[in-house]
Amino acid sequence: MADMLLSYFREKQKHTQKEKVSNTQCPFCSVQCRMQLVEQTSVTRKTYRTVGLDNPTSKGRLCIKGLHAHQHAFHKDRLMHPLIKQDGEFVQVSWEEALSHIALNIKQIQHEDGYDAMSVYGSASITNEEAYLMGKFARVALQTKYIDYNGRLCMSAAASAGALTFGMDRGLTNALEEVSYSECIILAGTNIAECQPTIMPYFEQAKENGAFIIAIDPRETATTNIADLHLKLKPGTDAALANGILKVIVEENLIDHEFIQNRATGFEKVKQHLNRLSLEEIENKTGVPQNEIRRAAVAFGEKATGMILTARGVEQQTDGSIAVRNFLNILIATGKIGKPSCGYGAITGQSNGQGAREHGQKADQLPGYRSIENEEHRAHVAKVWGVDPEELPRKGVSAFEMIQKMDQGEIKGLFLLCSNPIVSNPNARFVKKALSKLKFLVAVDLFVSETAKLADVILPTTSYLEDEGTMTNLEGRVTLREASRPALGEARHDWQIICDVARALGKEQYFSFHSAEEIFNELREASKGGTADYYGITYDRLRGKEGILWPCPTLDHPGTKRLFEQSFAHPDGRAVMTDVPNDPAIAKEQPCARYPLYLTTGRVMSHYLTGVQTRKSSSLAARNFESFMEIHPDTAVKFGVQDETLVKIKSRRGSIIVRSKWSKAIRMDTVFVPFHWNELQNVNRLVEDKLDPTCRMPGFKVSAVQIEALHTMR
Ligand SMILES: Nc1nc2c(c(=O)[nH]1)N[C@H]1C(S)=C(S)[C@@H](COP(=O)(O)OP(=O)(O)OC[C@H]3O[C@@H](n4cnc5c(=O)[nH]c(N)nc54)[C@H](O)[C@@H]3O)O[C@H]1N2
Ligand SMILES: Nc1nc2c(c(=O)[nH]1)N[C@H]1C(S)=C(S)[C@@H](COP(=O)(O)OP(=O)(O)OC[C@H]3O[C@@H](n4cnc5c(=O)[nH]c(N)nc54)[C@H](O)[C@@H]3O)O[C@H]1N2
Ligand code: SF4
Ligand SMILES: [Mo]
């Protein structure tokens, strides 16, 4: 028997000729799990296996998306050559041809309609170096004020709340490991179990240590399942719910008087505002019983330590920014910030959701969180870039507002990199119409996405396996993802493409970079002295694999694990509390006789964003190959919708067809549809396009819809 086994393994070994190992980081979410792709080549076939690598954040764990990420990276549809549209068809061209075509068209548009007729739309799924270059490209190569990015749809509410309340916005104010020792945790509008699965063990550990966990979500999810108390609120009512919690905390005197006195401003005004609110009214608005609001408040107020984490459920609202500020009010009132196992976390989304929002892709921002409207900030960055501060454009408008300007004809050209806006923006049919009006659209992508189909030129880029650069994870930890494989075909890195286009436009002197590290070194200078100071971080230091949490102002600085221990980042060192109305300034669509249900949208574990990548992965696509509508069985029966059947969902803006999925996990007045599918299953055809007045975040989480069964009930 032993002999037989031995000869079997010898035989097997003969066939296993080569093993190639690539160390990398997952391209999907903000945890940035480190992993290793093992490629085995035998005479007959090539196989791939992914294993987790130890790291301080996910400790070697991987979720199904990371395990199967290589499937899209090796997919046959990966773009290998530049494409130009001729008579409605894409034809392969050389880089020279593509670049001179781009330069010619951009120059023509800007000659006829001015610099601002060109726009740039970036992404938080690219490296820090590339995000930084996108900002510089818009301001220096194109000299346009119109640049924004997909993070506007993702992180803008939490970012503006953090900046206004604390004076600084970093995803987590303290290290993730502190979660496990926190005694009370509020998880508001976050589905960590499906969206950042590899950090769930921190929360499970907290629970084992005796923590009381409160979840706020209109649905039961794998995340709310670990909660001791689930507040199953009406979609869109988080600001009012937080008022209720805060009111009880103040009334029960569970506040930290000393902390408020020494570290904050605005408390008295907030207190007076709360006095005027009634808990009964809050119960009616939110659908959460008063006794549950009271239980949550007392639990959070009484425990010695506590943390609040929010994600898109709270933030993707037309009052997302102020709703988050109300959760921050709770933290400040109870003095639970800047101390061990106390703090706030806006769980970032995309791989570089944190870093890409710090270095100048936002309409009003320069690197290091500097402001494009501040003269000193402009002077600092202009000096690093070698341009006259006067030449730097002023602030532009947010992502969706740029699209409105395309519709109005004010913006005529777009350089789009790493985003699929006609699927990810609200009111998707309008967005497609607006983008179709552009005179010239360049898309840089791995694939021909739905938006790239509209492009005049598509440029092929490299994937996470091929492109080197730094990423800043949900903790604010800067990590280095080294390139582990050569580019496919003629694909070039995003940073090379940006430099190539700048060169074609005659701006080579500002974009003569030969490596990601060179760009990073310029970014360090540009961010130096700013809020997000990366100056002390170098590639050499990052090769240590642990990463460094910003701010890191000097080469010998260890990085900052916990923020706000001594003071907040406002000039007077104090946090700013603000009173928050129960009802948003921009009203949310409410159910009515014609559109009787709330629609809320979000994610499932196996797909990523608009699904361009994950729908190409056979293992992931097999888990959810089509979209669905989660609906309570009682509601389904009322509307004659059977389980697992096709249903038409209609809003004031359009309609889609998806399959029904009965589930008692969801509120009876609400349906849930994920947004990973396109065309007839693109839920953004239904979603309202009103924006938060502070941060310009669309209200992805609340629309009113009607449903119609596409079968007859037996
Ligand atoms: N599997 C997977 N993981 C991902 C992503 C992905 O596409 N797929 N995307 C990444 C990105 S970019 C992001 S931004 C994050 C997003 O991560 P999350 O924000 O956690 O994900 P969502 O599913 O959008 O929304 C979270 C929860 O909000 C709830 N919700 C809906 N409406 C409301 C409301 O009015 N109030 C409250 N309190 N809750 C509400 C939903 O039911 C949902 O369970 O995930 C990242 N990770
Ligand atoms: N209804 C609804 N809509 C939403 C949300 C929601 O919860 N509900 N969430 C919003 C959120 S949080 C987000 S983050 C947005 C995201 O939405 P999008 O910005 O549209 O993000 P993706 O779908 O990831 O699109 C990325 C595109 O870039 C390509 N790509 C991938 N990697 C690279 C790369 O390295 N370089 C380049 N050049 N291209 C690459 C992919 O193939 C894909 O075509 O969607 C938002 N839209
Ligand atoms: S999707 Fe997020 S949690 Fe899953 S492996 Fe990738 S980085 Fe880790
Ligand atoms: Mo996101």
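Throughout, read-outs are computed from the coordinates displayed, never taken from laboratory work. If you're wondering where the values come from, they're calculated on a predicted model, not measured in any experiment. Glycine gets a Cβ as well: all are built from the backbone with ideal geometry, and neighbour counts include every protein chain shown.
Label separation (residue 111 vs residue 593): 6.0 nm, computed from points 7 Å beyond Cα along the C-beta direction.
Exposure proxy for 495, 662: other Cβ atoms within 10 Å of each Cβ, ordered fewest to most, give 662, 495.
Of the beta bridges DSSP finds with both residues in the range 597-709, what % are antiparallel, to the nearest 5? Intermediate values should be presented prior to the final figure.
Working: 15 of 24 bridges.
DSSP beta bridges in the range 597-709 are roughly 60 percent antiparallel.
For trypsin sites (Lys or Arg not before Pro), the sites in the range 225-330 that DSSP calls loop and that have at most 16 other Cβ atoms within 10 Å are 276. Distance between the modelled labels on residue 92 and residue 39, one decimal in nanometres: 2.0 nm (7 Å Cα→Cβ projection). Temperature 20 °C, viscosity 1.002 mPa s: under these conditions the Stokes-Einstein estimate for the chain, based on its Kirkwood radius over C-alpha pairs, is 82 µm² per second.
Rounded to two decimals, the Cα radius of gyration of the range 597-709 over 2.2 N^0.38 Å is 1.05. Here the contact order of the range 156-347, divided by its residue count and restricted to Cα pairs under 8 Å and six or more residues apart, works out to 34 percent.
Please give the length that would be gained between residue 64 and residue 383 if that part of the chain were fully extended, namely 0.36 nm times their separation in residues minus their C-alpha to C-alpha distance (nm, one decimal).
Numbers: separation 319, 0.36 × 319 = 114.84 nm, distance 4.54 nm.
This chain segment gains 110.3 nm when fully extended.
Only alpha carbons enter this Debye calculation for the range 360-447, each as an equal point scatterer, and the log10 of I(q)/I(0) it gives at q = 0.13, 0.15, 0.21, 0.22 Å⁻¹ is -0.54, -0.68, -1.00, -1.03.
Antiparallel versus total DSSP beta bridges in the range 374-487: what percent is that, nearest 5? Looking only at bridges with both residues in the range 374-487, the antiparallel portion is about 30 percent. Checking every one of the GluC sites (Glu not before Pro) in the range 473-527 against DSSP loop status and a limit of 16 other Cβ atoms within 10 Å picks out 482, 490. How big is the gap, in Å, between the Cα center of the range 163-239 and the Cα center of the range 60-127? So the separation of the two Cα centres works out to 37 Å.
What are the trypsin sites (Lys or Arg not before Pro) within the range 601-679 that DSSP puts in a loop, where the Cβ has at most 11 other Cβ atoms within 10 Å? If you can, show how the numbers build up before the last one.
Working: sites: 603, 615, 616, 623, 638, 648, 650, 652, 653, 659, 661, 664, 667; in loops: 603, 623, 652, 653, 664, 667.
In loop regions of the range 601-679 (DSSP not H, G, I, E or B), the sparsely surrounded trypsin sites (Lys or Arg not before Pro) are 664.
In whole percent, what relative contact order does the chain give with Cα contacts below 8 Å and a gap of six or more residues? This gives 19 percent for the chain.
Indicate the gyration tensor shape class of the range 156-347 (rounded, prolate or oblate), computed on the Cα atoms with a ≥ b ≥ c the square roots of the eigenvalues: a/c under 1.5 is rounded; otherwise a/b larger than b/c is prolate and the rest oblate. Rounded. Basic side chains Lys and Arg get +1 at the Cβ, acidic Asp and Glu get -1 at the Cβ, and with that the dipole of the chain about its Cα centre reaches some 1520 debye. Panel order for 419, 627, 436, by other beta carbons found within 10 Å of each beta carbon, from fewest to most: 436, 627, 419. Panel order for 632, 557, 70, 711, by other beta carbons found within 10 Å of each beta carbon, from fewest to most: 711, 557, 632, 70.
Remark: spin-label model distance residue 711-residue 258 equals 6.5 nm, labels positioned 7 Å along the Cα→Cβ axis. In the chain, helices alone account for a calculated mean residue ellipticity at 222 nm of -8500 deg cm²/dmol, with every DSSP H run of four or more residues adding -39,500 (n - 2.57). Can you give the local net charge around residue 207? Use residues other than it whose beta-carbon is closer than 13 angstrom to its beta-carbon, Lys and Arg +1, Asp and Glu -1. Local net charge: -4. Positive end of the dipole of the chain, charges at C-beta (+1 Lys, Arg; -1 Asp, Glu), about the Cα centre: which of 673, 598, 711 has its Cα farthest in that direction? It is 711, whose Cα lies furthest towards the positive end.
Quick one: of the DSSP bridges fully inside the range 156-347, what percent are antiparallel, nearest 5? The partial results should precede the final answer.
Numbers: 1 of 17 bridges.
Just about 5 percent of them are antiparallel.
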